[in-house]
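Trainee: Let me give you the structure first, and then I'll get to my questions.
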Amino acid sequence: MVDWATRKVIMLIEDDSNLIGLLKTHLQAANFGVMAFYSVEDALRTLRNRRPDLIILDINMPGM
């Protein structure tokens, strides 16, 4: 669970699970909250309710 009140939150949107794992590990170690999504559709549903401080997006996602 991401602590929205105390940490800056980064949203990762990437279909490569290895890359998500690597980025998530390093960002959390730097005290960022991380939300990881493997599809743009799932990320868009979340964006209706939550606004991260930064989005890191793979621009070649399947389906979009």
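The values are calculated or read from the model by the stated rules, or taken from the named source; none is laboratory data. Since the structure is predicted, the reported quantities are computational estimates derived from the model, not experimental observations. Ideal geometry is used to build each Cβ from the backbone, glycine not excepted, and the neighbour counts take in all protein chains shown. Note: areas computed on protein heavy atoms with side chains; ligands, DNA, RNA excluded. Shrake-Rupley method; radii C 1.70, N 1.55, O 1.52, S 1.80 Å.
Trainee: Among the residues of the range 16-31, count how many are at negative phi and either of a type in the set (Gly, Ala, Ser) or open to solvent by 70 Å² or more (accessible area, probe 1.4 Å) (or both).
Mentor: 10
Trainee: For residues that are in contact (Cβ under 8 Å) with a residue 40 or more places away in the chain and over 12 Å from the mean Cα position of the chain (by Cα), scanning just the range 19-64, find the one that is nearest to residue 8 (Cα to Cα).
Mentor: In the first step, residues of the range 19-64 are kept if they are in contact (Cβ under 8 Å) with a residue 40 or more places away in the chain; the result is 50, 52-58, 61-62.
Add one more test, that the residue is over 12 Å from the mean Cα position of the chain (by Cα), and what stays is 61-62.
Details: 61: 25, 62: 28 Å.
Top of the filtered list is 61.
Trainee: Select from the range 32-56 the residues that are in a loop (DSSP other than H, G, I, E, B) and surrounded by 13 or more Cβ atoms within 10 Å (Cβ to Cβ) and list them in ascending order.
Mentor: 32, 38, 39, 52
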